[in-house]
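The structure under discussion appears below in the form of structure tokens.
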């Protein structure tokens, strides 16, 4: 199997690596297509692989009967980084594909070995973990402080950040699961956004028509982790 050159990758973390740091990971990267709802990391099970998103995005959710999304990772990051880089081999949370695409998988042990060889690599990945922690905290803040219309606008913006184009593949049922509310509540919120011509909802799909308008609805609920990523990763 031919090795993937750094110039060909789409993952923003991998593209930020120095050529020498990328070479530490290159022999271990395995390209894999992903499917909707595909499991990546399971609660309380040893983490075998981490996943650099190339296209699409993954969700981190609580486990058990009442599931709520607590994190989302797209081509800006790597799935599984937080527990592994912080010294654990497992997590209590589910990680699965929310929007199908492509990933570069890497053995967790190989990634850790590379971070032991390069402090710069380790620091970059830990800065990403920081942005993910900020995202989780901001989600808790949004859930506690804002109504469903604001939270939905924020969620749509976060997904829109991670796709090419303006169309999101998602059902009302899945939205209610992600946001931790009833399906009827999600439907009403979608109707409000659609009535203001911010989105176009179709069966299983939502088109973003007016991102600026969604930003206005989301207000302060959106933007803090995004700014942190720009500061810590893009500005690194």
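Any read-out appearing in this document is the output of simple, stated calculations on the displayed coordinates, not a laboratory observation. Predicted model only: the values in this text are computed from it and were never measured. For neighbour counting, all protein chains shown are included, and Cβ atoms are generated from backbone atoms with ideal geometry for every residue, glycine included.
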task = Could you list 118, 145, 221 in order of exposure, starting from the residue whose Cβ has the fewest other Cβ atoms within 10 Å?
result = 145, 118, 221
ask   = With a ≥ b ≥ c the root eigenvalues of the C-alpha gyration tensor of segment 179-236, is it rounded (a/c under 1.5), prolate (a/b larger than b/c) or oblate?
value = prolate
query = In what sequence do 52, 141 fall when counting other Cβ within 10 Å, fewest first?
reply = 141, 52
note = Restricting to Cα pairs under 8 Å and 6 or more apart, the percent relative contact order of the chain works out to 21 percent
key: the chain: angle of helix 183-195 to the longest principal axis, Cα-based, in degrees nearest 10   = 80 degrees
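What percent does the relative contact order of segment 146-222 come to when contacts are Cα pairs within less than 8 Å and at least six residues apart?
42 percent
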inquiry  = Compute the angle between helix 119-145 and the longest alpha-carbon principal axis of the chain, please, reported from 0 to 90 degrees and rounded to the nearest 10.
reply    = 20 degrees
Which of 116, 76 has the fewest Cβ neighbours within 10 Å, and the rest in rising order = 116, 76
message = Tell me the angle of helix 148-161 to the major Cα principal axis of the chain, expressed in degrees between 0 and 90 and rounded to the nearest ten.
response = 40 degrees
note = Using alpha-carbon positions, the gyration tensor of segment 146-222 gives root eigenvalues a ≥ b ≥ c; with a/c under 1.5 called rounded, otherwise prolate if a/b exceeds b/c, else oblate, the class is rounded
